[in-house]
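Computed from the coordinates by the stated procedures, all read-outs in this text should not be read as laboratory data. Since we're looking at a predicted model, the values are computed, not measured. Here Cβ is always computed from backbone atoms with ideal geometry, including for glycine, and neighbour counts include all displayed protein chains.
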Amino acid sequence: MSEFHNLAELALNREGQSWGNLGYWKTAIDYSDACRALALLLGEQAGLDRQSVIFDAGFGCGDQLLLWLEHFRVAQVHGANLSRSQTAHAREKLTEAGFPGAATTIVEGDINDPDIWSATLGTNHPSHILALDCAYHFPDRAAFFATAQQHLVPAGRLALTDFMLSDHPQMGPLAHRLLRWMLKRAHIAEANIVRQDRYRRQLREAGFGEIHILDISEQVMPAFAAYIQALRHKQPAERGRTKLGWTALVKYTVTSRFLKWAYDRSILRYYVISGTRTRRG
């Protein structure tokens, strides 16, 4: 059975890169650079430093793991990822980069499975839990918030990038049906797509305070759509050098058009969110 989360994004990257997020396109014009910029922004908002012990909830193909280790010089990185193929790719990247198991422990599994956390962390507690462009895919994001709170050290930080409904979406019955159809197609639980006030409430109820929410929609949603549109209009021979097959091209075309539609109609917005653990579980 084929995986929904696979290695398709490799075709969008430069040689040697395997990023898989929507990117932060404030200055970037290349997919790999935009994806790295989004990870950098998340790490900065999280306040990563040399003492940080990270749990990465959905680390993709491993490029962000190397960024935490090499750019922020964090002490340890742990993580879980649902995809078998991506996890294998990430392990290869870490091995090739020379990072031993003592510094990194990553496993394949569902982030909502408590056993996955214990298998990765043991009795350790991370100072930071990160979710880069993936939390909207979790089966139950509110449950993820609660689990993250239980495992963080006191005053530990949760940081993620995520979609929310805008406060005033331009959405009639037809637009609502299209949104529901796209969420199902993209393996996103409809319950995960909420307005900012409810999102804040879910974080507070899970035990987080000092909540900061930064709107970066303009630098993500229409910019990713424009990049994919430009890629589609390249000559076939040039596009072939990206190794982007027809199936993947259709997938990204549909995704990019949906994101532009959702942005233009003020239906969805994209944010960097961070919060501090304020109480014990």
Fraction of antiparallel bridges per DSSP, the chain only, in percent to nearest 5: 45 percent
Per-selection metrics, the chain (Cα): Rg and Dmax in Å: 18.2, 57
Relative contact order computed over region 1-157 (Cα-Cα under 8 Å; 6+ residues apart), in percent: 21 percent
Separation of the residue 189 and residue 229 label points, Cα + 7 Å toward Cβ, nm: 3.4 nm
Selection from 42, 273, 258 lying farthest towards where the dipole of the chain points positive, charges on Cβ: 258
Positive-end residue of 114, 132, 98, charge dipole of region 74-151 with Cβ unit charges: 98
Mean Cα-pair separation over length for region 113-166, i.e. relative contact order, pairs under 8 Å, 6 or more apart, %: 49 percent
Region 104-133 residues near the modelled residue 140 label - backbone nitrogen below 20 Å, point 7 Å along Cα→Cβ: 109-119, 131
Residue 4 paired with residue 168, simple spin-label distance in nm, labels 7 Å along Cα-to-beta-carbon: 3.3 nm
The chain, relative contact order [Cα under 8 Å, separation at least 6], %: 20 percent
Theoretical gain in end-to-end length, residue 212 to residue 75 [0.36 nm per residue, Cα-Cα removed]: 46.9 nm
Separation of alpha-carbon centers, region 21-73 and region 182-210, rounded to whole Å: 22 Å
Highest to lowest packing among 251-262, 16-27, scored as the average C-beta count within 10 Å: 16-27, 251-262
The chain - charge dipole about Cα centre, Lys and Arg +1 at Cβ, Asp and Glu -1, debye rounded to 20: 700 debye
Simple spin-label estimate for residue 50 and residue 155 in nanometres, 7 Å along Cα-Cβ: 2.0 nm
